[in-house]
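The values are calculated or read from the model by the stated rules, or taken from the named source; none is laboratory data. Note that this is a predicted model, so its numbers are computed, not measured. Note that we place each Cβ from the backbone using ideal geometry, even for glycine, and neighbour counts take in every protein chain shown. All accessible areas refer to the heavy atoms of the entire protein, side chains included, with ligands and DNA or RNA removed. Shrake-Rupley method; radii C 1.70, N 1.55, O 1.52, S 1.80 Å.
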Amino acid sequence: MNADDWLRTFTAELHQRRVAADAARHVVAEAATHLREGGGDPWVVFGPPHQYAAAIVESIGTAPGPRPGPVRLHARGITKRYGRRTVLSDATLTVRAGQIAAVVGANGCGKSTFLRICAGLVSPDAGEVTISGRLGYCPQSGGTADFLLADEHFVLVGAGQGVARGPARRAGRAAARQLGWEAGGDMLARHLSGGTRQKLNLTMSTLSNPDVLLLDEPYQGFDQGTYVNFWDQLARLRDAGKAIVVVTHLLNQLDRVDTVLDLTPTPQSGWLAPGVQGGHP
Amino acid sequence: MNRLLTVAEMTLRELLRRRGVLLLLLLMPLTFYLIRRDAYLGQSVRSLLLGVGWAVSTAALFATTAARELEPRLRLAGYRPHHLYLGRMLGLWTVGLVISVPFFLLPLVDGAELRYAGLAAAMLCSVGVAAPFGMLIGALLPRELEGTLLLLTVVTVQMLIDPAGSGAKLTPFWSSREIATWAVDHTDEGYLSRGALHGLAVTTLLVLGVAAVASVRLRRRRHLRHLPVG
């Protein structure tokens, strides 16, 4: 692990421990300056990133956890059948402003269907969804136009909200930068790599400044750095009062979410943290 | 209005970047024209019009299929269904009119003695019908192969059916054929008025069809209740 990787991991550890964003930035900048000027292996100078982050937390404390706000998404009794196969049975999820909810479960258990129902793209056989505020949705794949540039996607999405071209372009590029991507190039969407295309997809979903953000495994093809940036971005959006629902099968990230909806059609879910909401009672 | 024009502009940009498709769009009517050039000129011009109609329908079909995944998220981003389908249609009509220009000039260069106002009206009908026709097929049949085969069937029927028979009036491009007859054979005004009326009626019906399908597909679902931010 070189100094950059160490710093990136250290930053993620600070975010995970809920160190206030400004304080975390300051600490990371100090560590980077120290390494640049003094040289040396960060593992020797500071030790493992998680240990150093723990020491920092002990020293400066953490930011108070954001207090969950009003309910932004309430899905109740969602049932969906395809023919004789029931994919969702009485699934219920409540997400408040300032919360991240994870939807987990085995392949084919209806995670994406649940999200599409919440987005209003698919009708359930039973149940209802209440959304407070504006809705943003990022599909697992697709959702972009092959022969348009990233900037043109931003203009297209921006026009839906009545945003002029210049501001839409700037907002899109700024959101893309949060994911470590400079989006202003002249490359068509079809020529972007899978991961970069997903960054475009994700950027489009946040561009309309939604109050509720639905993300269907949006990190497909992300490299490690982008993946860390993605979760940092989610933490920032949560701290800004957004309600976020993210479909995931990566269980090691569940400590970064506030509530979990398990759609696995078995009663056993003992591994899940408190806050689990069952989809298959 | 801005939303509608933005969708039209993006449709245009997408199509203009598909150089291979554009080339084929131009090649198709040209081939139709040249293949009948040795025979009677009227047949050649009518084939040209059918080629233009087919080319624009195919472009509309592919543009509609390509936008299938994007449209629901644009709907969430603040677009209404009519912004999406009318914007796309506007873009396709523009492309259709642009590619019609060289084919309007082709018989002129070829020295054909035609009523050129009639040829222009026939081209207009052909493009006017083709864009919503291709879009409707694209909206009803989600897979490109099925859509292309259906288009092929309709155009083949259009080519082979007896234009004087009553069944011919049910084919979408009958209007341009009728007006072309007026333009090429210098027949009476009845051909022009019948053709224009047919073109107008078919275009209106197809636009309404596209509107109906898009409004159903992109409707606000009943299970979803939106509340303002409290």
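Which order do peptides B:202-209, B:158-165 fall in by mean Cβ count within 10 Å, highest first?
Descending packing order for the listed peptides: B:202-209, B:158-165.
List, by residue number, every residue in the range B:1-42 with a reduction of 50 Å² or greater in accessible area between the chain on its own and the complete protein assembly, 1.4 Å probe.
Residues passing the criterion (a loss of at least 50 Å², heavy atoms only) are B:Met10, B:Glu14, B:Arg17.
Using a 1.4 Å probe over the heavy atoms of the protein chains, calculate the carbon and sulfur portion of the accessible area of the protein assembly as shown as a whole percent. List each step's numbers first, then the result.
Numbers: 13320 of 23030 Å².
Whole-percent figure for carbon plus sulfur exposure: 58.
Can you list residues from other chains, or at least 5 along the same chain, whose modelled amide H is less than 5 Å from the amide H of A:Leu88?
Amide H neighbours of A:Leu88, under 5 Å, 5+ apart: A:Lys80.
For the range B:199-209, take each phi angle, set θ = phi - 60°, evaluate the Karplus expression 6.51 cos²θ - 1.76 cosθ + 1.60, and give the result in whole Hz per residue in order, putting x for glycine and proline.
x, 5, 5, 5, 4, 4, 4, 5, 4, 5, x
With only alpha-carbon atoms counted, please give the Rg and Dmax of the range B:165-230, in Å.
In Å, with Rg to one decimal and Dmax whole: 20.4, 70.
Taking a probe of 1.4 angstrom, what is the accessible area of A:His74 in Å², to the nearest 10?
Per-residue accessible area (A:His74): approximately 60 Å².
For the range A:3-60, what does the accessible surface come to per residue with a 1.4 Å probe? Please give it in Å².
57
Against the longest principal axis of chain A, how steep is helix A:165-178, in degrees 0 to 90 to the nearest 10, with axes from Cα atoms?
Rounded to the nearest ten degrees, it is 70.
Treating the angle as unsigned and between 0 and 90°, give the value, to the nearest 10°, between the Cα long axis of helix A:194-207 and the longest Cα principal axis of chain A.
Here the helix axis deviates by roughly 80 degrees.
Going by average Cβ density within 10 Å per residue, which order do the peptides A:167-175, B:67-75 take, highest to lowest?
Details: A:167-175: 18.6, B:67-75: 20.2.
Final packing ranking: B:67-75, A:167-175.
Within a 10 angstrom radius of each residue's Cβ in B:214-222, how many Cβ atoms of other chains show up on average? Whole number is fine.
The shielding value for this peptide is 2.
Taking the C-alpha atoms of chain A, how large are the radius of gyration and the largest Cα-Cα span, Dmax, in Å?
In order Rg, Dmax, the Cα atoms of chain A give 20.0, 67 Å.
Taking N as the number of residues in the range A:3-60, what is its Cα Rg relative to 2.2 N^0.38 Å?
Ratio of Cα Rg to 2.2 N^0.38 Å: 1.01.
Based only on the alpha carbon positions, what is the Kirkwood hydrodynamic radius of the protein assembly as shown, in angstrom? Numbers along the way, then the final one.
Working: mean 1/r = 0.0386 Å⁻¹.
Its Kirkwood hydrodynamic radius stands at 25.9 Å.
Can you give the calculated 222 nm mean residue ellipticity of the protein assembly as shown, where each DSSP H run of n ≥ 4 adds -39,500 (n - 2.57) and the sum is split over every residue, rounded to the nearest 500 deg cm²/dmol?
-19000 deg cm²/dmol
log₁₀ I(q)/I(0) of the range B:1-103 at q = 0.15, 0.19 Å⁻¹, via Debye over equal Cα point scatterers, no solvent, to two decimals?
So the normalised log intensities are -0.64, -0.88.
Please determine, in degrees from 0 to 90 and to the nearest 10, the orientation of helix B:81-109 with respect to the longest principal axis defined by the Cα atoms of chain B, where the helix direction is its Cα long axis.
Long axis of B:81-109 versus the principal axis of chain B: about 20 degrees.
Just the number, please: buried accessible area between B and A, total of both chains, 1.4 angstrom probe, nearest 100 square angstrom.
3000
Within the P(r) computed for the range B:2-217, what percentage of the Cα pairs occupies the region above 23 Å?
Above the 23 Å cut-off, the range B:2-217 has 43 percent of its Cα pairs.
Across peptide A:200-212, what mean number of C-beta atoms from other chains lies inside 10 Å of a residue's C-beta? Walk me through the intermediate numbers first.
On the way: counts 0, 1, 0, 0, 4, 3, 0, 1, 4, 0, 2, 2, 1.
Mean inter-chain Cβ contacts per residue within 10 Å come to 1.
Once you list every other residue whose beta carbon is under 12 Å from the beta carbon of A:Arg173, what net charge do they have if Lys and Arg are +1 and Asp and Glu are -1?
Numbers: positive: A:Arg169, A:Arg170, A:Arg177, A:Lys199; negative: A:Asp151, A:Glu182.
Every neighbour counted, the sum reads +2.
In the range A:115-166, what is the volume of the convex hull around the alpha carbon atoms, normalised per residue and reported in Å³?
98
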